[in-house]
Every structure is written in structure tokens, then in C-alpha cells.
Amino acid sequence: MKPKASIIILDFKKSKRVCQNVQSLEVQKVNFPFEVIIVDNSCDPENAKKLKELEKYKNVQVRINPKNVGYIRGNNQGARFAKGEYLIISNPDII
């Protein structure tokens, strides 16, 4: 089923907060499908490893950048992978 909303989370060395954010989204009671696209700008293998664990959720995809491409490019990168009718840009620290 095509997601109604695509939630893009751009990360820079905040994997713990991103994990909390995604876990919070996963327990929400919504009546529409959504996807979460995480773009990692950290260039940190440990951070990337923690984020990749979130792919256990079927509606989450993680994109690891080999270098920090900046805020706007990182969000645009996430938007290119989005399939939802609506785009939501979320900061990592929102729970």
C-alpha cells in the first residue's frame, strides 16, 4: 500500500534520538500508512550501525551518506526516495 505520508529525518550523530523518534512514530495510532526515511550525514560507522537497526520496521529505510552533504541536500535526498503524498521533515529530537 502506498504511504500517505513520508517522514524524513536527517541525522548528524544523534542516532539515539532518531531511534526514540522512530519508536515514538511506530506506536502512534493513525488511520493511514506512512513511511520513515532516515538520511545519515554523520560519517560515523557506529552511528550508521545503530540507525540501520531501525530497518527492522517494514516502513523504515535508512540512507547512509559517505560524507556530510548538508541540511538541505540531505533532506532533498530523502525526498527523492519518498513515495508518500505528503512530505514531513522531522528533526531527530522530536518524540
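Assorted remarks:
- Under a Gaussian network description of the chain, with springs only between Cα atoms under 10 Å, the residue in LYS13, LYS83, LYS58 that fluctuates furthest is LYS58.
- Proximal lysines to LYS2, defined as alpha-carbon separation beneath 24 angstrom and excluding residues fewer than eight positions away on the same chain: LYS29, LYS52, LYS56, LYS58, LYS83
- Here segment 42-95 was treated as a single set of alpha-carbon atoms; its pair distances binned every 10 Å from 0 give 19, 55, 25, 0 percent.
- Charged side chains reduced to their Cβ positions (Lys and Arg at +1, Asp and Glu at -1) give the chain a dipole of some 120 debye around its Cα centre.
- At 1.306 mPa s and 10 °C, Stokes D of the chain from Kirkwood alpha-carbon radius, µm² per second: 122
- Sorting 65-76, 35-46 by average packing, meaning the other beta carbons within 10 Å per residue, from highest down gives 35-46, 65-76.
- Selected from PRO45, PRO92, CYS19, residue furthest toward positive end of dipole (the chain; charges at beta carbon): PRO45
- Among residues other than GLY78 with Cβ under 13 Å from its Cβ, the summed charge is +1 (Lys and Arg +1, Asp and Glu -1).
Each value in this text was obtained by applying a stated rule to the coordinates, not by laboratory testing. Just so it is clear, the structure is predicted and the values come from calculations on it, not from any experiment. Positions of Cβ are backbone-derived with ideal geometry, glycine not excepted, and every protein chain shown enters the neighbour counts.
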